[in-house]
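First comes the structure, then the notes that go with it.
The values are calculated or read from the model by the stated rules, or taken from the named source; none is laboratory data. These numbers come from a predicted model, not from an experiment. Cβ coordinates were reconstructed from backbone atoms using ideal geometry, including for glycine residues, and neighbour counts include every protein chain displayed.
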Amino acid sequence: MPFRFLTAGESHGPGLGAILEGLPAGIPVSAEAITEDLARRQRGYGRGARMQIEQDRAEIMGGVRHGRTLGSPVLLLVRNRDWEHWTRVMQVEALRDEEATELAALAEAGNRRAVPVTRVRPGHADLAGALKYDTADVRDILERASARETAMRVAAGAVCRAFLRELGIDIWSFTAEVGGVAMDPARATRSREETEASPLRCPDPEGETAMIARIDEARSRGDTVGGVFEVVARGVPVGLGSHVHWDRRLDGRLAAAICSIPSVKGAEFGLGFEQTRRLGSEVHDVVTGVGIDPATPPVPGFAGPVRRWLHATNRAGGLTGGITNGEPLVVRGAVKPISTLARPLPSADLRTGEAVETAHYERSDISVVPAAGVIGEAMVMLVLTDAILEKFGGDSLGEVRDNLHRYLDRTLARSGRGAAPGGHGRVAAAADAPAGEPGAAGSGGDD
């Protein structure tokens, strides 16, 4: 069974759900670990009031027994605490006459939740979605188009994180730019733990201070700001993806996953667009042969130094020809300013087609870049899980791991230098990034 995942639920409905199908048995999974990633998604300077209302907690409803996956579909649930304020507006059952009368009375009295949404927001899915799905109330569209849905992507990604960790793969993200203010890799002195504890999850303290000032400026104007997040995956084996068809290229699959995140309008790998401004000799990564990467610790459970194919630089971001090349995978997402503004732009009314002075306003954030990075992690983990299972297969974690290690031993045997002591040449995940490493992994750096 191919790996796949689905999410369901609305922003102000009873809850959100996700189902993951095709995961092998034996993956250690806990609700606490999933909830930890959900909390990371909710934090970040510039987030709105909804983050104070919701305290997302995952419930594992199926597919796990005694802390390990069973090989059956994994079902996850996150309940919306704000649902109690929307029970009539978002009622699942058809409204009885008296309930419809009650809702109309609430709208007449000025209850903003009960008033049908007709003034479409520029930059949002409001107009296109309402016309596509033939509705006169944009509430039908915005509830699912809301980034609230991404809570379940993060929950699903957290399950994949547990799987990938067992294979020595580590994924992390950080904020690289907000409101036109970019971090400086030379000032990226924070450790991973320090970065996670910072307001914007940025490794550059000085740059983060300037980013916060831009957010404050936008808030004072009733506006919003975008930015760039970077996701780095270490320990990814060579050979995931393929060059043989457009839809099997891993860079294309990752780009689609990143660009599927609400508000993300672009994706790049390694140096990305910077490559267009350099000569070929300044772009391509020289292959230096098989060796030991001192930054890569041994795989848990296997002794001996890590040996793998090495490159002098990682300007390609770990992908060549649509295939992973064994270097860290580096992907960035460009986040536009979100489209719900405290001082709304002019727009038009869906029902009348006439211009209105202000679009609809829904409780909103000023900046979501740190949260978008956590969602980006989840999307990368979901794609990598699919690619790992596609390449190596297996109905249990042990079978996948054995298949992976045999394959990696063969890739080193081709070099004539053999595998690492213990019979495994596996690339393990790097530990917490040392000071400055986030910039070196990407963000326009060469290393």
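The listed residues are GLY168, GLY222, and the only one of them that is modelled with pLDDT under 95, over 23 Å from the mean Cα position of the chain (by Cα) and either surrounded by 23 or more Cβ atoms within 10 Å (Cβ to Cβ) or not basic (Lys, Arg) (or both) turns out to be GLY222.
Among the residues of segment 236-251, those identified as buried (at least 16 other Cβ atoms within 10 Å of the Cβ) and either touching a Phe, Trp or Tyr at 6+ places or on another chain (Cβ under 6 Å) or not in a loop (DSSP other than H, G, I, E, B) (or both) are GLY241, LEU250, ASP251.
The set of residues in segment 335-382 that are closer than 21 Å to ASP223 by Cβ and assigned to a helix (DSSP H, G or I) comprises VAL369, PRO370, ALA371, ALA372. Looking only at segment 80-92, residues that are touching a Leu at 6+ places or on another chain (Cβ under 8 Å) and of a type outside the set (Val, Ile, Thr) come to 2 in all.
Residue-wise test of (1) surrounded by 23 or more Cβ atoms within 10 Å (Cβ to Cβ); (2) in a helix (DSSP H, G or I); (3) among the small types (Gly, Ala, Ser).
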position: ARG201; (1), (2), (3): yes, no, no
position: GLU217; (1), (2), (3): no, yes, no
position: VAL231; (1), (2), (3): yes, no, no
position: ALA256; (1), (2), (3): no, yes, yes
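Residues satisfying the criterion are present in segment 383-392 (criterion: without any contact (Cβ under 8 Å) to a residue 60 or more places away in the chain, more than 30 Å from GLY180 (Cα to Cα) and assigned to a helix (DSSP H, G or I)).
For segment 307-322: of the residues being among the aliphatic types (A, V, I, L, M) and surrounded by fewer than 20 Cβ atoms within 10 Å (Cβ to Cβ), which is farthest from VAL380 (Cα to Cα)? Looking at residues that are among the aliphatic types (A, V, I, L, M) and surrounded by fewer than 20 Cβ atoms within 10 Å (Cβ to Cβ), I get ALA312.
Taken together, THR118, THR69 contain a single residue that is in contact (Cβ under 8 Å) with a residue 40 or more places away in the chain, within 22 Å of THR340 (Cβ to Cβ), crowded, with 18+ Cβ neighbours inside 10 Å and not charged (D, E, K, R), which is THR118. Among residues of segment 3-20 that are surrounded by fewer than 16 Cβ atoms within 10 Å (Cβ to Cβ), those with a Cβ under 9 angstrom from a residue that is part of a strand (DSSP E or B) and of a type in the set (A, V, I, L, M), sequence gap 6+ or separate chain, pair up as ARG4/ILE19; ARG4/LEU20; LEU6/ALA18; LEU6/ILE19; LEU6/LEU20; ALA8/LEU16; ALA8/ALA18; ALA8/ILE19.
Of the residues that make up segment 136-155, is at least one of a type in the set (Asp, Glu), over 26 Å from PRO328 (Cα atoms) and either within 23 Å of the chain's Cα centre (by Cα) or in a strand (DSSP E or B) (or both)?
Here is the first cut: in segment 136-155, the residues of a type in the set (Asp, Glu) are 137, 140, 143, 149.
Of the ones still in play, those that are also over 26 Å from PRO328 (Cα atoms) are 137, 140, 143, 149.
Retained after the next criterion (residues that are either within 23 Å of the chain's Cα centre (by Cα) or in a strand (DSSP E or B) (or both)): 143, 149.
Checking segment 136-155: at least one residue is of a type in the set (Asp, Glu), over 26 Å from PRO328 (Cα atoms) and either within 23 Å of the chain's Cα centre (by Cα) or in a strand (DSSP E or B) (or both).
Here is the figure for segment 162-199: residues that are farther than 22 Å from GLY235 by Cβ and part of a strand (DSSP E or B) total 5.
Listed here are the residues, each with its yes/no results for (1) surrounded by fewer than 19 Cβ atoms within 10 Å (Cβ to Cβ); (2) more than 30 Å from VAL225 (Cα to Cα); (3) at pLDDT below 95; (4) of a type in the set (S, T, N, Q).
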residue	(1), (2), (3), (4)
ARG332	no, no, no, no
ARG343	yes, no, yes, no
ALA372	no, no, no, no
GLY376	no, no, no, no
MET381	no, no, no, no
LEU404	no, yes, yes, no
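Selection of strands (runs of 3 or more DSSP E) fully inside segment 6-82 by the criterion of at least 3 residues being under 28 Å from LEU397 (Cα atoms) and modelled with pLDDT under 95 returns nothing.
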